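Structure record follows, encoded as structure tokens.
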Amino acid sequence: MTILGSGAGLSPDLFSPSFLPETDTVVTEEAAVRAPSGRSLHVTPLVREGDMVAKGDAVACLRHAPDVCFVAPIAGQVARLSLLPGRKLSEIVLFREPDGAVRQHDPGQADATAGLRRLMQGAGLWPWLRRRPFGGMPAHDEKPSAIFVMAADTRPFAPDPRQAIAGREEDFSRGLAALLRLTEGPVIVCQQAGAPLFDRGADDGRIRTITRGARHPQASAGICIHHFFPAGLDAPVWDIHAEDAAALGTLLDTGELPMQRLVHIAGAGLRDARTVWTHPGADLRQLTQRVVAPGPHQLISGSPLDGHLSRWLAPRHRQITVLPRETVHSRPHWLVSALTQSAGAKPAIPTAALSKAFGGALPAAPFIRALSAGDDETAMKLGVLSLLEEDLALADYVLSETGQLTAQLRGMLARIRTEFDA
């Protein structure tokens, strides 16, 4: 394992072939509506199998907050509606209809904060927001202490958010102005060095810009939140991708929520890496079928550090990673395993690389000790409420086989959430 870097952050040396020069637009023949990561969501389906839906039509809503809708990313026919026990959303699969309609919304009432919330929730943009602490999308009536707009992404092979909003500067500025109405605190735009992405004269100083470096995790949302505006139990902080902020601006201008997003397809399991314009819930098999290398492989929605195996592009993801599937080795006899492996978890030893994997925002040794010992109080003082699993993914990569920080983090957050009934 090779890691490059100096100062705050690292540059993991992960292999991927070169990107093809062209950028294609691909609407997959199948797509899925899935819940964002976080707490399981109890929903009420608004469609049945066989129904035809327009792009942007609501296909389900939250049971206890019916104003919050999940919408179709493409126009088509509902092929399968899968719910988990308790009517929790698993997935709603759609077959594409090439000449399908597009849902139009009325932005006329969005000048008021309540009208803006109803528009965002009814149009399906609300699930694209994410809250700290604990993750998941915000409650329908929650007011954040601050909102971070992520216009930088330092994960390996991630597309540059600035490319995604190029030519959409007016929509982006309009979206930022709308986000200001959702909070009494600041809207903080995280970007890499360069010209500001918005008109500084139109925000009364409440829209701020912070410049982040090129090494990961400097542009990880949780690291930025912890460093500049820490989240608390009574002070939630939201983050949203810059492309989604521009989509909000388009929605307010035209009444249509854009589903198009810029996605990088990379990884060691490809012949060529590629960049595509596609949509949430896109079929990963179709997007990779022309560039995947021969042999068994695995499709990951997200980056090689924090993605997960999936057939569909997750609601917030802008990356697809294709890796060769490892050969399954026969399991050794239990006695051999007992003699050669420790039954307990291996300790995480703080190193210079591990300290850099926290982006210089957290003291590695005390934080790891608090996680490992389940010391919730100390971890909260050190900033655990601003973090999610993706923020510690690089640290687990540095630890390699001993990496278990993300699992410990999720267990601690679940315990804190239960204790404080958040």
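The values are calculated or read from the model by the stated rules, or taken from the named source; none is laboratory data. This structure is a prediction, so every number in the text was calculated from the model and none was measured. In this analysis, Cβ positions are derived from the backbone assuming ideal geometry, glycine residues included, and neighbour counts consider all displayed protein chains. For accessibility, only protein heavy atoms count, side chains too; no ligands or nucleic acids. Shrake-Rupley method; radii C 1.70, N 1.55, O 1.52, S 1.80 Å.
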Can you report the number of residues in region 163-179 which are surrounded by 17 or more Cβ atoms within 10 Å (Cβ to Cβ) and not hydroxyl-bearing (Ser, Thr, Tyr)?
11
Out of (1) at pLDDT 85 or above; (2) open to solvent by 60 Å² or more (accessible area, probe 1.4 Å); (3) aliphatic (A, V, I, L, M), the odd one out for Leu387 is which?
(2)
Check Ala373 against each of (1) in contact with a Gly (Cβ under 7 Å, 6 or more places away or on another chain); (2) more than 24 Å from Ser303 (Cα to Cα); (3) among the small types (Gly, Ala, Ser) and name the one condition it does not meet.
(1)
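Any residue at all in region 228-235 that's under 25 Å from Gly307 (Cβ atoms), open to solvent by 30 Å² or more (accessible area, probe 1.4 Å), of a type outside the set (A, V, I, L, M) and out of contact with any Ser or Thr (no Cβ under 7 Å at 6 or more places or on another chain)? It would help to see each step written out before you state the result.
First, the residues of region 228-235 that are under 25 Å from Gly307 (Cβ atoms): 231.
Next, only the ones that are open to solvent by 30 Å² or more (accessible area, probe 1.4 Å) stay: none.
No, that holds for no residue.
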Within region 355-369, tally of residues that are modelled with pLDDT of 85 or more and either open to solvent by less than 20 Å² (accessible area, probe 1.4 Å) or among the small types (Gly, Ala, Ser) (or both):
10
If you check Leu299, Leu335, Leu339, Leu323, which single one turns out to be farther than 22 Å from Pro36 by Cβ, over 16 Å from the mean Cα position of the chain (by Cα) and at pLDDT 95 or above?
Leu323
When both residues are 6+ apart or on different chains and their Cβ atoms are under 6 Å apart, which pairs have a first residue that lies in region 274-296 and is without any contact (Cβ under 8 Å) to a residue 60 or more places away in the chain, and a second that is of a type outside the set (A, V, I, L, M, F, W, C)?
Leu284/Arg311; Ala293/Gly269; Ala293/Arg271; Pro296/Arg325
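On the phi < 0 side of the Ramachandran plot, open to solvent by 10 Å² or more (accessible area, probe 1.4 Å), modelled with pLDDT under 95 and of a type outside the set (A, V, I, L, M): does that describe Gly86? If you could, list the steps in order and put the result at the bottom.
Working: on the phi < 0 side of the Ramachandran plot: no; open to solvent by 10 Å² or more (accessible area, probe 1.4 Å): yes; modelled with pLDDT under 95: yes; of a type outside the set (A, V, I, L, M): yes.
Here the answer is no, as Gly86 does not meet what is asked.
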Output yes when any residue across region 265-274 is in a loop (DSSP other than H, G, I, E, B), on the phi > 0 side of the Ramachandran plot and under 20 Å from the mean Cα position of the chain (by Cα), and no when none is.
yes
Go through (1) in contact with a strand residue (DSSP E or B) (Cβ under 8 Å, 6 or more places away or on another chain); (2) under 22 Å from Leu252 (Cβ atoms); (3) of a type outside the set (Ser, Thr, Tyr); (4) open to solvent by less than 10 Å² (accessible area, probe 1.4 Å) for Ala110 and report which single condition fails.
(1)
